[in-house]
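A short reminder: the numbers here are calculations on the coordinates, not readings from a lab. No experiment lies behind these values; they were computed from the predicted model shown. Don't worry about glycine lacking a Cβ; one is built from the backbone with ideal geometry, like all the others, and counts go over all protein chains shown.
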Amino acid sequence: MLIVMKPSATAHDVDAAVEIIQAIGLRAHPMPGATRTAIGITGNQGVIESRRFEDLPGVAEVIRVTKPYKLITLDLRPEKTIVRVGDATIGGSDLAFIAGPCAIENRDQAFAVAEAVQKSGARFFRGGVWKPRTSPYTFQGLGDKGWEIMVEIRETFGLKIVTEALDESSVDLVEQYGDVIQIGARNMQNFSLLKRAGRSKLPVLLKRGMAATLEEWLLAAEYIMAEGNYNVILCERGVRTFAQHTRNTLDLASVPAIRRISHLPVIVDPSHGTGSAYMVTPLARAGVAVGADGLMVEVHNHPELALSDAAQALTLSEYAELINEVRAIRKSLLRFADDSRTEKAST
Ligand code: PEP
Ligand code: MN
């Protein structure tokens, strides 16, 4: 159920509605918007009697939710969510770039890449401290030693640190040293991990599972939000199909499909989405062209020596060129949007 408050409702009216929701043992999720606040309700097993809310002061409408989603929807929040990470944003007017190596391998590697990432104007540095690998015999990440390097990078370059938490206990470390909790494709339906991230104050970057439908992916986001963390960023990274020319099939249609349903920001990862460096830039261009809020890209100072995902890593100069190109694409997209608004206004 969803309670839409009147534009004239006061903070006191919202608090009063929240108190009643809590008093009957349910959870209230107030979402302030540009014109009105809506309150999502979770925690009910069956139908909630709507009449008890209808006559409360400041209530405009009580809507029964018939879709499987409650908190990710545009019904609850018609404006896009802008996730703020300190002074950086994801989902705002600027494209967000999250770039870095697949894994933190050593200080020299991480610093060389971080310097290029900072120079490109990106605000987010990615890099696995723990790596979820298909084989137990391949490089598993530096683990705790990787954090020492990450902390130095954060301080030296002022970049926000995005790294994957493989399990609940690693969320504690991301909270201590990082800025954004990444939940990987393999963990998209690790419900205890989703709930733990939902209790965190840090934003959560939720990758699409490799065999997840849009609905499953969005319901995974609901798990995080239902715990009270509304700062979720969705990341399309491709799904497993019969195609053999790519590592995964990057489903760019998910970007407009999400836009139609959800207020959450969505970014595209053309690196894991293709698995081949030569395809990363074309698919990054396409991701921005379909309206993604940003990109996650793997970069390495010596791709040929990378300990994981070597085939998809861009060189530092390829990465710099990609950023210039997609910025130009974004600029022309904004111009199209402006032109069509002007045309509509003049007809
Ligand atoms: C990653 O981004 O490092 C990663 C492992 O990606 P995914 O979870 O999408 O496979
Ligand atoms: Mn990788």
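Below are the figures for this structure:
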quantity	calculated
23 Å Cα-Cα reach of Lys344 towards lysines, excluding residues that sit fewer than 8 places from it in its own chain	Lys80, Lys331
Helix axis angle, 11-23 relative to the chain longest principal axis, alpha carbon, degrees	90
Total formal charge among the other residues, if their Cβ is under 13 angstrom from that of Lys6, Lys/Arg +1 and Asp/Glu -1	-3
Total charge dipole magnitude, the chain, about the Cα centre, Cβ charges on Lys, Arg, Asp, Glu only, Debye to nearest 20	660
Helix 144-157 vs. the chain, principal-axis angle (Cα, 0 to 90°, nearest 10)	80
Nearest-ten-degree value, helix 168-177 long axis tilted from longest Cα axis of the chain	80
Among the listed pairs Lys160/Lys201; Lys119/Lys207; Lys70/Lys160, those beyond 18 Å (Cα-Cα)	Lys119/Lys207; Lys70/Lys160
Net charge, Asn301 excluded, C-beta distance under 11 Å - Lys, Arg +1, Asp, Glu -1	-4
Loop trypsin sites (Lys or Arg not before Pro), the stretch 1-69 (other Cβ atoms within 10 Å of the site Cβ: 14 or fewer; DSSP)	Arg64
Alpha-carbon centroid distance for the pair the stretch 157-234 / the stretch 1-76, whole angstrom	25
Shape call, the stretch 216-343: gyration tensor on alpha carbons, a/c limit 1.5	oblate
Distant-in-sequence amide H partners of Leu264 (H built 1.01 Å from N, under 5 Å)	Thr81
Radius 10 Å from Cβ of Arg208, net charge of other residues (Lys, Arg +1; Asp, Glu -1)	-2
Whole-Å distance, taken between Cα centres, linking the stretch 269-309 and the stretch 93-125	13
Cut-off under 5 Å, modelled amide H: who pairs with Gly128 long-range	Ala103, Ile104
Magnitude of the charge dipole, the stretch 2-63, Cβ model with Lys/Arg +1 and Asp/Glu -1, debye to 20	140
Max mean-square fluctuation residue, GNM over the chain, Cα-Cα springs under 10 Å, options Asn187, Asn229, Asn324	Asn324
Within the stretch 60-146, chymotrypsin sites (Phe, Trp or Tyr not before Pro) in DSSP loop having at most 14 other beta-carbon neighbours inside 10 Å	Tyr137
Helix-only CD estimate at 222 nm, as mean residue ellipticity for the chain, using -39500 (n - 2.57) per DSSP H run (n ≥ 4)	-12000 deg cm²/dmol
Under Karplus coefficients 6.51, -1.76 and 1.60, residue-wise ³J(HN,Hα) of the stretch 126-143 in Hz, glycine/proline x	9, x, x, 8, 10, 10, x, 9, 4, 9, x, 9, 9, 3, 9, x, 6, x
Shape call, the chain: gyration tensor on alpha carbons, a/c limit 1.5	prolate
Whether the stretch 2-63 is rounded, prolate or oblate, judged on the alpha carbon gyration tensor where a/c under 1.5 counts as rounded	prolate
